[in-house]
Amino acid sequence: MERLTQRSRDVVNKKMTFMERIYLPAILKGLFITFSHFFRKKASLNYPEVKKPFAPVYRGQHVLKRDESGAERCTACGLCAVSCPAEAITMVAAERKNGEESLYREEKYAAVYEINMLRCIFCGLCEEACPKEAIFLTDRIVDAEFTRNDFVYGKDKLVEPVDARIDVSKRQVWSYQSNSTN
Ligand code: SF4
Ligand code: SF4
């Protein structure tokens, strides 16, 4: 019968030789392969103690930035949500009240701002669409979670803390340089 592929093999019911019956050569061959791996460069890292360096253009967890005085930059214009191909961003806009000028830079702000990290494909289009330089992707990894709901990041996780600003300048400078040379 004509073979359909080159991978098929004929099964032969031949008697095992003496060496095959004592299994010793096969065991030694297996041990040799195991020992040879001791001296090879490891392919894995002891994460999270050891972390692999990321490329300068790596796009990870988003941050919603504050301005120099600590007010939220986002004005809830919705351009990031419209430009998002994965429809991962949702928000609810609200009007800034008197006395809230130090909290929100513009008269309109995002009372609710959520990104579904399971939908996000980290394309960076939201960052490019933002006219207020309010949203950036960073080199932080999105944490592993046990439930789907925990992957919906709200303002509590997205807005940078006032006293622990997140530096996005390194990737921005690198991206700008690589774009201008192309
Ligand atoms: S990185 Fe891309 S997919 Fe993720 S929220 Fe921004 S626009 Fe949407
Ligand atoms: S992050 Fe930027 S684009 Fe998105 S709603 Fe806020 S200001 Fe508009």
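Worth pointing out:
- Diffusion of the range 62-181 by Stokes-Einstein, at 25 °C in a medium of 0.890 mPa s and with Rh set to the Kirkwood radius over alpha-carbon pairs, works out to 163 µm²/s.
- The relative contact order of the chain, computed from alpha carbon pairs under 8 Å that lie at least 6 residues apart in sequence, is 24 percent.
- Computed [θ] at 222 nm, deg cm²/dmol, the chain (DSSP H ≥ 4; -39,500 (n - 2.57); rounded to nearest 500): -7000 deg cm²/dmol
- At full extension, Arg21 and Val173 could sit 48.1 nm farther apart than now, given 0.36 nm per residue minus the alpha carbon distance.
- With 26 Å as the limit, the listed pairs Lys51/Lys157; Lys97/Lys170; Lys65/Lys108; Lys132/Lys157; Lys52/Lys170 have Lys97/Lys170 beyond it between alpha carbons.
- Extension gain from Asp10 to Cys123, taking 0.36 nm per residue of separation minus the Cα-Cα distance: 35.6 nm
- Loop trypsin sites (Lys or Arg not before Pro), the range 1-86 (other Cβ atoms within 10 Å of the site Cβ: 12 or fewer; DSSP): Arg3, Arg7, Arg9, Lys14, Lys15, Arg40, Lys41, Lys42, Lys51
- Using alpha-carbon coordinates, inclination of helix 169-181 to the longest axis of the chain, degrees: 80
- Summed side-chain charge close to Glu68 - residues other than Glu68 whose Cβ falls under 13 Å, Lys, Arg +1, Asp, Glu -1: +1
- Residue separation of Phe38 and Asp156 scaled by 0.36 nm, minus their Cα-Cα distance, works out to 37.9 nm of gained length.
Every number in this text was worked out from the coordinates using simple rules, so none of it is lab data. Nothing here was measured: the structure is a model prediction, and the numbers come from that model. Counting neighbours? That spans all protein chains shown, and the Cβs are built from the backbone with ideal geometry, glycine included.
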